[in-house]
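The values are calculated or read from the model by the stated rules, or taken from the named source; none is laboratory data. This structure is a prediction, so every number in the text was calculated from the model and none was measured. Please note: Cβ atoms are built from the backbone with ideal geometry, for glycine as well, and neighbour counts cover all protein chains shown. In case anyone asks, the SASA skips ligands and DNA or RNA and just uses the protein heavy atoms, side chains included. Shrake-Rupley method; radii C 1.70, N 1.55, O 1.52, S 1.80 Å.
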Amino acid sequence: MKKVKLIYNPMSGNKKFPNFLDSFIKKFQDSEYEVSIFRTCANGNISLALEGVDKADYDAIVVAGGDGSVNEVVNEMIKHDLDLPLGIIPAGTANDFANNLNMPTDFNKCFEVILKNNIQKVDVGEVNGRYFINVCAGGLLSSVSHNIDRNFKNTLGKMAYYIKGIEQIPNLKAIPLEIQTKKEIIKEDVYLFMILNSKSAGGFNKLAPKAAIDDGMFEFIAVKSSPLHEIAALFLKILQGDHLNDKNIIYLRDDYFKIKCSDHTYDLHFSDVDGEKGPHLPLEVSLDHHKIKVFTNL
């Protein structure tokens, strides 16, 4: 009999996933899987879910939660050398990486997609020794997900990010950055930068329209320091996916970036890694030699 380990975050999104546990167990048992379940209950708790697990113990790992939960599982899988396919159930608020895999938001349909066993190898990024699967970002707006009240986020979903982002626009303060790739060095004052493995982050589904999760490249997008009325217009372009050629955008493609602040007083600005608080500047971002196998609906 095959074995699957389900790791779920009961506090993610609208908190409805626990109501579907029996359905998950039934569908996988009907498909001749033995099901093991781990319920997360605190930050860092996911490490216990995979402690002592060998890749011979399971045929698949499934995580139900948001991008932060997915990030924690990916880091633990790499740490423990668990070369197993990962199923991602979009039970969080934005679910950016799950959206890129076209995973259904209907949980029962998502279970069925995983059971079809359509597997794809995808790129994994590394930033200052930590892994990410979707995005590494920095700047004022990258803190939005950490500053939103959980109930507000769970009630409004993705719209909470948009509202909080617009609310912070008057307080924007540019950060003087030095952006280094394998080919060039750019110095520019920016409000926000993102290094993306996929097309979306923070619920914005068209941030990097040319991105592919398995092409061995990152998409770098930064918003330059500019008048607020131009930022408001740029926000609409971003929603439509028409922003890459805007004069206030820096757009680069590479598999390596080094991000430094040219003013040392800014060096304590932290980053955002897959929706969770990341390391402080400076950042060294590269494609890791690992690839993660994921179940996909593409």
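Details
- Just one of the listed residues (LYS173, LYS182, LYS199, LYS187) is open to solvent by 30 Å² or more (accessible area, probe 1.4 Å), under 19 Å from LYS247 (Cα atoms) and at pLDDT 90 or above, namely LYS187.
- Extreme residue, least open to solvent (accessible area, probe 1.4 Å), among residues of the range 71-93 that are part of a helix (DSSP H, G or I) and among the acidic types (Asp, Glu): GLU76
- Hits in the range 47-68 (condition: touching a strand residue (DSSP E or B) at 6+ places or on another chain (Cβ under 6 Å) and part of a helix (DSSP H, G or I)): ALA49, GLY68
- Candidates PHE218, PHE235, filtered to the one that is out of contact with any strand residue (DSSP E or B) (no Cβ under 6 Å at 6 or more places or on another chain) and among the aromatic types (Phe, Trp, Tyr): PHE235
Each row is one residue, and each column tells you yes or no for (1) more than 25 Å from THR93 (Cβ to Cβ); (2) open to solvent by less than 40 Å² (accessible area, probe 1.4 Å); (3) without any contact (Cβ under 8 Å) to a residue 60 or more places away in the chain.
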{"residue": "ILE213", "(1), (2), (3)": "no, yes, no"}
{"residue": "PHE220", "(1), (2), (3)": "no, yes, yes"}
{"residue": "LEU228", "(1), (2), (3)": "yes, no, yes"}
{"residue": "ILE238", "(1), (2), (3)": "no, yes, yes"}
{"residue": "LEU244", "(1), (2), (3)": "yes, yes, yes"}
{"residue": "PHE257", "(1), (2), (3)": "yes, yes, no"}
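- When ASN75, ASN71 are checked against the criterion of being out of contact with any Gly (no Cβ under 6 Å at 6 or more places or on another chain) and more than 24 Å from ASN19 (Cα to Cα), ASN75 stands alone in meeting it.
- Residue that is nearest to ALA201 (Cα to Cα) [pool: residues in the range 259-274 that are in contact (Cβ under 8 Å) with a residue 40 or more places away in the chain and of a type in the set (A, V, I, L, M, F, W, C)]: VAL273
- Take the conditions (1) under 19 Å from ASP96 (Cβ atoms); (2) modelled with pLDDT of 85 or more; ILE250 misses just one of them, which is (1).
- Per the conditions (1) open to solvent by less than 80 Å² (accessible area, probe 1.4 Å); (2) within 15 Å of ILE89 (Cβ to Cβ); (3) in a helix (DSSP H, G or I), the sole criterion not satisfied by PRO10 is (3).
- The set of residues in the range 13-22 that are in contact with a Pro (Cβ under 9 Å, 6 or more places away or on another chain) and buried (at least 17 other Cβ atoms within 10 Å of the Cβ) comprises GLY13, PHE17.
- Any strands (runs of 3 or more DSSP E) falling wholly within the range 186-269 and containing at least 2 residues that are of a type in the set (A, V, I, L, M): 218-224, 249-254
- Selected residue (only one of LEU50, LEU101 is within 23 Å of the chain's Cα centre (by Cα) and modelled with pLDDT of 95 or more): LEU101
- Only one of ILE25, ILE37 that is open to solvent by less than 80 Å² (accessible area, probe 1.4 Å) and in a strand (DSSP E or B): ILE37
- GLU126 being of a type outside the set (Gly, Ala, Ser), touching a residue at least 24 places away in the same chain (Cβ under 8 Å) and in a strand (DSSP E or B): yes
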